[in-house]
Amino acid sequence: MKDTTKAMRYYVTTPIYYVNGEPHLGHAYTTIAADILARYHRQKGDDVFFLTGVDEHGNKVAQAAAERGLTPRQHVDELAPRFKELTRQLNATNDFFIRTTDPEHEAYVQRFVEKLQAAGDVEKRTYGGLYCTACEGFWYERDLVDGKCPDHGIEPVWLEEENYYFLLSKYQDRLSEFFRANPEWVRPRTRFNEALSFIEQGLDDISISRSSITWGVPVPWDDTQVIYVWVDALINYVSALTYARPGEDLVDRYWSVADHLLSKDILKFHAVIWPALLMSAGYDLPAGEFIHGYLLSGGEKMSKTRGNVLDPFVIMEKYGLDALRFYLFREVNFGLDGNTSMDGVRARYNSELANELGNLVSRTVSMIGKYRDGTIPAAPAGETLRDVAAKGEAMLRAASAHYGEVEITAAIESVWEYVRRLNRLVEEEAPWKLAKDEAQAGRLDAVLHGLAAGLRLVALAIHSVIPGTAEEILRRLGQERDVAAMLLDAAIFDGLIPAAVVAAPPLFPRIEAEE
Ligand code: ME8
């Protein structure tokens, strides 16, 4: 277990997404996950940097442009803003949005590959192999399924070129020693094992340039070739730190605390090729990588290439942003694969957001309005709900520890058990009955106070997942809303201010199924 009480630096990244089509739910997923982690770390007082962006070079993007009758440049200039817009609509608090066509990035990539060459790790060779343009990678015949790419279900094509090679094989021993010494470097453990066994099966050298396409960053010593899109893309994680804040170089501040978030489709690139490139060019390795699972739709991986994607914009339009953020991490255990559907979104929305959380907020605010003239009562001595207080503080500590371990779904589960505890409190204590008996005034104060104090803890603990809702709950309870007031580790049940509540329409109005 990590020490979650010390303020630290934290740098979280998402993959940079290919702009070969519109952004979809899979992209929204990783971006929201990174945002949850970034917000959580800010709530702990950490110095956070959060990077996302787009991968604009390579065959796949060039082909998508050609299919639309556009030049790659026209195509990416039209699509990159759509991805940036998604980031904004998701309420992601990224500190920078990188485009690999940024001139600063391109220049950095050239300097980086010059370092590989200076290290004696680059050689010119001819190679032929089965290439999947959707992966932008070669496959061995033995790994194909019915002759098709197992990830994309399309037939790879034979590609033969004279290219520059990176001598990945030289790094096999260093990589496996590094992995054995750092068993937490790739999480969860199943992915660590997968990467290690891949390394120990033996590594082939990899081609790091292409002569068949021109859409890319030129090889600095040979402008008939462009740098392989994956090398170009991986370097974004470092290059961005050199120009994200004009006039500042953030590499020393953040690089060694980088945590890469990605899904298992691109594990090999991140866990094998990337560390070897960094070793060769003389950089430290990132602090770690967390590999999450796939969002499935109809039981299959959602992907642009397969065309079975749910549209995050449609979900946000119908149910709101926080319903989307909540659903994805509540429904699918973060780290594992899980199915998603529009019916599933509606079911979670109605049962958990509308019925459980939304109603709890409405009832609490309206009962304080009705029985205590709209001001949260203090809890009379001896009447404080010790069990509710202790459970609330335990919930906060548990949720914080889970977020710290990237167990987002478990963090939400801790919060939700407590939401249910507060709902049971309403049923057990029946404030409408207490209100009829003057002798029970102290008990009623304690219950109303306990509900408000408990809900405040819920808001603090769920803030990183559904920030808009958490802030709105605090607003309705008349509590401070600035981030400083939301620091997790210092929060206690008794931190509630006996303020005036604000009545407002339901947080999550019920939504019925369409005919
Ligand atoms: O691979 N479930 O870009 P990409 C979960 N440009 N996550 C999903 C998903 C799904 N069904 N679909 C996509 C690339 N993702 C490269 C990355 S990084 C240096 C270069 C998410 O547009 C997930 O994070 O194919 C996955 O790893 C990533 O999008 C792939 O995005």
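The values are calculated or read from the model by the stated rules, or taken from the named source; none is laboratory data. Computed from a prediction, not measured in an experiment: that's the story for all the values here. No Cβ is skipped: glycine too gets one built from the backbone with ideal geometry, and neighbour counts run over all protein chains shown. The protein model used for the area step is the full one, side chains on, heavy atoms only, and it has no ligands, DNA or RNA in it. Shrake-Rupley method; radii C 1.70, N 1.55, O 1.52, S 1.80 Å.
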Leu203 passes all but one of (1) away from the ligand (no atom under 16 Å from the Cβ); (2) of a type outside the set (D, E, K, R); (3) part of a strand (DSSP E or B); which number fails? (3)
Looking for something closer than 27 Å to Ser464 by Cβ and touching a Pro at 6+ places or on another chain (Cβ under 7 Å) - is there at least one such residue anywhere in segment 293-312? no
With (1) open to solvent by less than 30 Å² (accessible area, probe 1.4 Å); (2) within 25 Å of His292 (Cα to Cα); (3) modelled with pLDDT under 95 as the list, and Gly53 as the residue in question, which single condition is left unmet? (3)
Filter segment 400-422 for residues that are among the hydroxyl-bearing types (Ser, Thr, Tyr) and touching a helix residue (DSSP H, G or I) at 6+ places or on another chain (Cβ under 6 Å); the one that is surrounded by the fewest Cβ atoms within 10 Å (Cβ to Cβ) is Thr409
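Within the group Ser211, Ser207, which residue is touching a residue at least 60 places away in the same chain (Cβ under 8 Å), closer than 30 Å to Asp77 by Cβ and of a type outside the set (Val, Ile, Thr)? Can you show your working first?
Working: Ser211 fails: touching a residue at least 60 places away in the same chain (Cβ under 8 Å).
Ser207 is the lone residue from the list that is touching a residue at least 60 places away in the same chain (Cβ under 8 Å), closer than 30 Å to Asp77 by Cβ and of a type outside the set (Val, Ile, Thr).
Going through Val272, Val257, Val231 one at a time, which residue ends up being more than 8 Å from the ligand (Cβ to nearest atom), modelled with pLDDT of 95 or more and in contact with a Lys or Arg (Cβ under 8 Å, 6 or more places away or on another chain)? Show your work before the answer.
Values: Val272 fails: in contact with a Lys or Arg (Cβ under 8 Å, 6 or more places away or on another chain); Val231 fails: in contact with a Lys or Arg (Cβ under 8 Å, 6 or more places away or on another chain).
After ruling out the rest, the residue left standing is Val257.
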Condition first: part of a strand (DSSP E or B), in contact (Cβ under 8 Å) with a residue 12 or more places away in the chain and not charged (D, E, K, R). Now tell me which residues in segment 132-179 satisfy that. Cys132, Gly137, Phe138, Trp139, Val157, Trp158, Leu159, Asn163, Tyr164, Tyr165, Phe166
Subset of segment 295-353 (residues that are more than 11 Å from the ligand (Cβ to nearest atom), among the hydroxyl-bearing types (Ser, Thr, Tyr) and touching a residue at least 24 places away in the same chain (Cβ under 8 Å)): Tyr319, Ser341, Tyr349
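With respect to Arg363, is the statement that it is of a type outside the set (A, V, I, L, M) and modelled with pLDDT of 95 or more true? First the steps, then the outcome.
Details: of a type outside the set (A, V, I, L, M): yes; modelled with pLDDT of 95 or more: yes.
Taking the combined requirement at face value, the residue satisfies it.
Which ones in segment 14-27 are within 9 Å of the ligand (Cβ to nearest atom) and either assigned to a helix (DSSP H, G or I) or over 8 Å from the mean Cα position of the chain (by Cα) (or both)?
From segment 14-27, those within 9 Å of the ligand (Cβ to nearest atom) are 14-21, 23-27; that's our starting set.
Pro15, Ile16, Tyr17, Tyr18, Val19, Asn20, Gly21, Pro23, His24, Leu25, Gly26, His27, listed by residue number.
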Of all residues in segment 362-380, count the ones that are of a type in the set (A, V, I, L, M, F, W, C) and open to solvent by 40 Å² or more (accessible area, probe 1.4 Å). 1
Restrict the check to segment 425-440 and report whether at least one residue is among the acidic types (Asp, Glu) and modelled with pLDDT under 95. no
If you take the residues of segment 56-94 that are open to solvent by 10 Å² or more (accessible area, probe 1.4 Å) and among the acidic types (Asp, Glu), which of them is farthest from the chain's Cα centre (by Cα)? Glu67
In the set Glu104, Glu136, the lone residue that is modelled with pLDDT of 95 or more and acidic (Asp, Glu) is Glu104
